[in-house]
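The values are calculated or read from the model by the stated rules, or taken from the named source; none is laboratory data. Owing to the predicted nature of the structure, the values given are computational and were not obtained by experimental measurement. Here the Cβ positions follow ideal geometry from the backbone for every residue, glycine too, while neighbour counts run over all protein chains shown.
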Amino acid sequence: MLNSETNANLIPEEVVLNKIYFIRNHKVMLDKDLAELYGVETRVLNQAIKRNLERFSDDFMFQLSQEEFNNLISQSVTSSWGGTRKTPYAFTELGVSMLSSVLNSSRAIAVNIQIVRIYYKLRQMMITQQDVLLKLEKIEKKIGKHDKKIQLVFDYLNQFIKQEEEPRERIGFKK
């Protein structure tokens, strides 16, 4: 078993983060990228999954459509996809977690732990961002109400100024 220092330094976080895509409203990793991180061929990874297909329901894994795959290739200018014959499989966070039960090498387990931790950090960052957005929304609503009230005050002041400009008839004794 690898110690926690080795797990933490196995793969730079940026490398893993660059392999997480947003497809069908899910953060996913592709079979090719996972195989590379685990140190196995994509074919070997997919064979292990097919032998344990009952573990991977639709919310764990799905195959990309040709359109999704073409879109992904066009977005990933630096990636070389080679002669891929089939569209890749995409694994959600749950699917990546399930891979640890299918792949038993020490590297696969360590990488899997690291990926799950990165997914957790992403989720925490999204929660923090949502909190900040909610606070900004409240401030914006509050300021929006103040803007209307301030404009109303200026309108009243303008009415008083216009009234002062008009000559008024004097009240009192006339000479």
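Quick grid of which residues meet (1) among the acidic types (Asp, Glu); (2) closer than 25 Å to residue 59 by Cα; (3) out of contact with any Ser or Thr (no Cβ under 8 Å at 6 or more places or on another chain); (4) surrounded by 10 or more Cβ atoms within 10 Å (Cβ to Cβ):
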| residue | (1), (2), (3), (4) |
| --- | --- |
| 87 | no, yes, no, yes |
| 101 | no, yes, yes, yes |
| 157 | no, no, yes, yes |
| 170 | no, no, yes, no |
| 173 | no, no, yes, no |
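If I go through the stretch 118-132 residue by residue, how many of them are among the basic types (Lys, Arg) and surrounded by 14 or more Cβ atoms within 10 Å (Cβ to Cβ)? Give the steps one after another, and end with the answer.
At the first step, the residues of the stretch 118-132 found to be among the basic types (Lys, Arg) are 121, 123.
Still in the running and surrounded by 14 or more Cβ atoms within 10 Å (Cβ to Cβ): none.
The total comes to 0.
Residue 100: at pLDDT below 80, hydroxyl-bearing (Ser, Thr, Tyr) and closer than 30 Å to residue 39 by Cβ, yes or no?
Values: at pLDDT below 80: yes; hydroxyl-bearing (Ser, Thr, Tyr): yes; closer than 30 Å to residue 39 by Cβ: yes.
The answer is yes for residue 100.
Among the helices (runs of 4 or more DSSP H) contained in the stretch 37-149, which hold 2 or more residues that are of a type outside the set (Ser, Thr, Tyr) and touching a helix residue (DSSP H, G or I) at 6+ places or on another chain (Cβ under 7 Å)? Talk me through it step by step, then tell me what you get.
Numbers: elements: 42-51, 66-75, 93-102.
In the stretch 37-149, the matching helices (runs of 4 or more DSSP H) lie at 42-51, 93-102.
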